[in-house]
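Any read-out appearing in this document is the output of simple, stated calculations on the displayed coordinates, not a laboratory observation. Quick caveat: nothing in here was measured; it's all calculated off a predicted structure. When we count neighbours, we look across all protein chains shown, and the Cβ atoms used for this are built from the backbone with ideal geometry, even at glycine.
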Ligand code: BV8
Ligand code: ZN
């Protein structure tokens, strides 16, 4: 694995002949849209809440209003955020390489809002709330743009119109299984891809962090874009110490000039 200063040309060369590309993203992909990461330096508001403590069924059972308020805050933040140049570059790459698939650990909709058409959400979505008792989907109520962005606001979750149960976020909590269709699709595309681009994940959370090995063990190029080293770095052919919004557009520009 080589860590180079400006390997955009090296990365573009590794992708040049790959028809089937998978782009796997983590919380770092959303960082430049203003969404805090899970394990990065926790600033201000985010510092008061350890996501791994709150993103659990136990936390919701213990205090539904705290957890629902926290997710409502995160959803409002995403609704007020915009996709960045890195999201747009992935859309452009998909225009160059038909069949590109985004496999994301993120629960926001920034890839879709940028125009990505084939996005696999391993950990669910902030925009698919459902009843904790009967599982019935609950309509997502877009929050007014003026919604206060404070994670500590406790909000009692709505009730299910079908059975009266509490509405929970449509995300995969720690200790919960990943949605089988998403996991199976992710395994399939990682088994078939000719190159894997991993952007903005610390490679800590399982089983998502095991996916890149499905490309690596077939001898396919694994490329990482991340300002820091992490769990994926040891298996990366190239690990570029830069950010999603900086690195992705440079790589896609080079690829668009060579086709
Ligand atoms: C399961 C939805 C079992 C919720 C999320 C001990 C060892 C191994 C595993 C475990 C263990 N103990 C428990 C487990 C299992 C556990 C796990 O992996 N825990 C970890 C903490 C060790 N996993 C689970 O519980 C999973 N389920 O195992 O089920 C089971 C089996 C059968 C039957 C029943 C049960 C479920 C995991 C899913 C959890 N839900 N999200 C929510 O969002 O609230 S995970 C959460 O972490 C987010 O989805 C996030 O995306 C994800 C992964 O983190 P990253 O994306 O990597 O983000 P992170 O902040 O860590 O890193 C950011 C990266 O970006 C950094 O590298 C940084 O350098 C980089 N970056 C920063 N800025 C930029 C950037 N990169 C580019 N550009 C930038 N500008
Ligand atoms: Zn219900």
Worksheet entry | Among 129, 36, 207, residue whose mean-square fluctuation peaks in a GNM of the chain (springs only between Cα atoms under 10 Å) | 207
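Under the classification rounded if a/c is under 1.5, otherwise prolate if a/b is larger than b/c and oblate if not, where does the stretch 187-229 fall, given a ≥ b ≥ c as square roots of the Cα gyration tensor eigenvalues? Before the final figure, lay out the partial values.
Numbers: a/c = 2.31, a/b = 1.39, b/c = 1.67.
Oblate shape, in that a/c is at least 1.5 and b/c is the bigger or equal ratio.
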Discussion item. Among 147, 104, 56, which one shows the highest mean-square fluctuation when the chain is modelled as a Gaussian network with alpha-carbon springs under 10 Å?
Written reply: 147
Worksheet entry | Projected label distance in nm at residue 141 and residue 210, using a 7 Å step from Cα toward the beta-carbon | 4.0 nm
Worksheet item: Under the definition of Cα pairs under 8 Å and six or more residues apart, what whole-number percent is the relative contact order of the stretch 3-153?
Response: 28 percent
Worksheet entry | the chain: Cα Rg divided by the 2.2 N^0.38 Å rule of thumb | 1.02
Worksheet, complete the sentence: As a percent rounded to 5, the proportion of antiparallel DSSP bridges among beta bridges in the stretch 12-144 is 10 percent
Fill in: 0 to 90° range, to nearest 10: angle between helix 64-79 axis and the chain longest Cα axis
40 degrees
Worksheet item: Got a sec? How would 140, 121, 84 order by Cβ neighbour count within 10 Å, fewest to most?
Response: 140, 84, 121
Worksheet item: Highest GNM mean-square fluctuation, the chain, Cα pairs closer than 10 Å: which of 143, 197, 126?
Response: 143
Item to complete: Could you tell me which of rounded, prolate or oblate describes the stretch 181-259, using a ≥ b ≥ c as the square roots of the eigenvalues of the alpha-carbon gyration tensor, with rounded for a/c under 1.5 and, failing that, prolate when a/b is larger than b/c and oblate otherwise?
Response: oblate
Worksheet item: Tell me, how many Å apart are the Cα centres for the stretch 196-224 and for the stretch 65-113?
Response: 19 Å
Response to the item:
Counted neighbours (other Cβ, 10 Å), sorted fewest up, put 52, 141, 92 in the order 141, 52, 92
Item to complete: Could you grab the Rg to Rh ratio for the stretch 1-134? Cα atoms only, Kirkwood for Rh.
Response: 1.03
Worksheet item: Relative contact order for the stretch 61-148: what is it in percent, counting Cα pairs under 8 Å that are at least 6 residues apart?
Response: 27 percent
Worksheet item: Under the definition of Cα pairs under 8 Å and six or more residues apart, what whole-number percent is the relative contact order of the chain?
Response: 29 percent
Practice prompt. In whole angstrom, note down how far apart the Cα centers of the stretch 226-259 and the stretch 126-165 are.
Written response: 37 Å
